[in-house]
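Inspection log for the structure reproduced underneath, given as structure tokens.
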Amino acid sequence: MTARIIDGKLIAAELRARVADEVARLKRAHRLTPGLAVVLVGNDPASEVYVRSKHTQTQAAGMASFEHRLSAEIAQADLLALIAKLNRDPAVHGILVQLPLPKSIHTETVINAIDPAKDVDGLHPSNAGRLAGGFEALSPCTPLGCIILTKSVHASLEGMNAIVIGRSNLVGRPLLQLLLNENATVTIAHSRSRELARLCARADLVYAAVGRPEMVRADWIKPGATVIDVGINRLPAGDGKTRLVGDVAFREVAEVAGAITPVPGGVGQMTVACLLVNTLRAACAIAGLPKPGV
Ligand code: NDP
């Protein structure tokens, strides 16, 4: 293996430590404790794991963590009423509604009900629009993590050719905007793109956010390129167990790439750390304090 392995676990731990320092400073200097409210509807096992991890990490950073667990049968109006209450609550600076929501609930209506100033998932159209316009915005956490991981390899992304495979509102589209803000030249690909391998082969930076196990192969990659694998796919590993793989064929791509993120241990680690960063930024903005140094 020739590629440098980008250690998401380590980089996320460093980021969480910096957030914790900043939270301690806010408490001391301004008596401000950033607070994150997480709303979980139903009992999807993967969502349960994510919510637990968010709770633990929020508390470990010295922030206040508020969990709201609601039945899958809850009426949409009751969920909207809870969000309105959290919007008004001065102890809450970030609101995250864990997705996916049950089919009976209209996701877009729920996201639109969150105060954009507290929208730490960066999914409200106001934040998405601000990001697209190049203005200050709360940006989705996974793409923010991708940028931090890339910058652990390249101090500047200016003029680099980047390809983002996937155009979801959660990952691909905001990542495109963040890369543009870094002055990269960006191609965004999706299920209708033609000659994906050829498009990838031109890229200095490759981001795979598709949800197809090991789709990106070694012969797609320009030698020395940096490869960031967002994909999380669960495959059967025999004896009833499962294993996680990304959207990139890690072993073979690591023979060609200059740097690569593993799955697990790459992007996934950064998502919650960036949620803490967004909560910190939201708390400072709501309190009228300068943007924190994290
Ligand atoms: P979506 O399903 O919302 O989007 C997938 C995107 O991939 C779509 O834009 C789709 O194109 C595109 N696509 C599908 N098939 C192909 C193909 N054959 N060639 C090129 N593009 C294709 O997924 P998400 O963006 O939410 O997530 C992507 C992956 O990232 C998943 O594995 C998910 O689990 C993971 N993830 C990981 C996170 C983390 O913290 N590490 C956080 C969020 C997601 P089209 O638009 O044309 O349909």
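Values as computed for the structure displayed
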| read-out | value |
| --- | --- |
| Criterion violated by ALA46 - all others in (1) open to solvent by less than 80 Å² (accessible area, probe 1.4 Å); (2) on the phi > 0 side of the Ramachandran plot; (3) free of Cβ contacts under 8 Å to residues at least 24 places away in the same chain satisfied | (2) |
| Test: ARG234 is part of a strand (DSSP E or B), surrounded by fewer than 21 Cβ atoms within 10 Å (Cβ to Cβ) and within 16 Å of the ligand (Cβ to nearest atom) | yes |
| Sole exception among (1) in contact (Cβ under 8 Å) with a residue 40 or more places away in the chain; (2) within 14 Å of the ligand (Cβ to nearest atom) for TRP220, by number | (1) |
| Options LYS54, LYS103; residue that is on the phi < 0 side of the Ramachandran plot and part of a loop (DSSP other than H, G, I, E, B) | LYS103 |
| Segment 178-203 - residue that is open to solvent by less than 40 Å² (accessible area, probe 1.4 Å) and away from the ligand (no atom under 11 Å from the Cβ) and, of those, farthest from ASP121 (Cα to Cα) | ALA203 |
| Condition met for PRO174 (open to solvent by less than 40 Å² (accessible area, probe 1.4 Å), within 15 Å of the ligand (Cβ to nearest atom), touching an Asp or Glu at 6+ places or on another chain (Cβ under 7 Å) and within 26 Å of CYS284 (Cβ to Cβ)) | no |
| Which numbered condition VAL153 fails, given (1) more than 30 Å from VAL97 (Cα to Cα); (2) near the ligand (Cβ under 9 Å from one of its atoms) | (2) |
| Members of segment 1-36 found to be open to solvent by 70 Å² or more (accessible area, probe 1.4 Å) and assigned to a helix (DSSP H, G or I), listed by number | LYS9, LEU10, GLU14, ARG18, ASP21, ARG25, LYS27, ARG28, HIS30 |
| Residue check for LEU40: surrounded by 20 or more Cβ atoms within 10 Å (Cβ to Cβ) and over 17 Å from the mean Cα position of the chain (by Cα) | yes |
| Leading residue by the ranking (farthest from the ligand (Cβ to nearest atom)) among those in segment 246-283 that are farther than 19 Å from GLU14 by Cβ, buried (at least 19 other Cβ atoms within 10 Å of the Cβ) and of a type outside the set (Gly, Ala, Ser) | VAL256 |
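Matching residues to (1) without any contact (Cβ under 8 Å) to a residue 40 or more places away in the chain; (2) more than 20 Å from MET160 (Cβ to Cβ):
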site	(1), (2)
ARG198	yes, no
ALA208	no, no
PRO213	yes, yes
GLY224	yes, no
GLY238	yes, yes
LEU244	yes, yes
PHE250	yes, yes
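The values are calculated or read from the model by the stated rules, or taken from the named source; none is laboratory data. What you see is a predicted model, and the numbers here were worked out from it, not measured in a lab. Cβ sites come from the backbone with ideal geometry, for glycine too, and all protein chains shown count toward neighbours. In case anyone asks, the SASA skips ligands and DNA or RNA and just uses the protein heavy atoms, side chains included. Shrake-Rupley method; radii C 1.70, N 1.55, O 1.52, S 1.80 Å.
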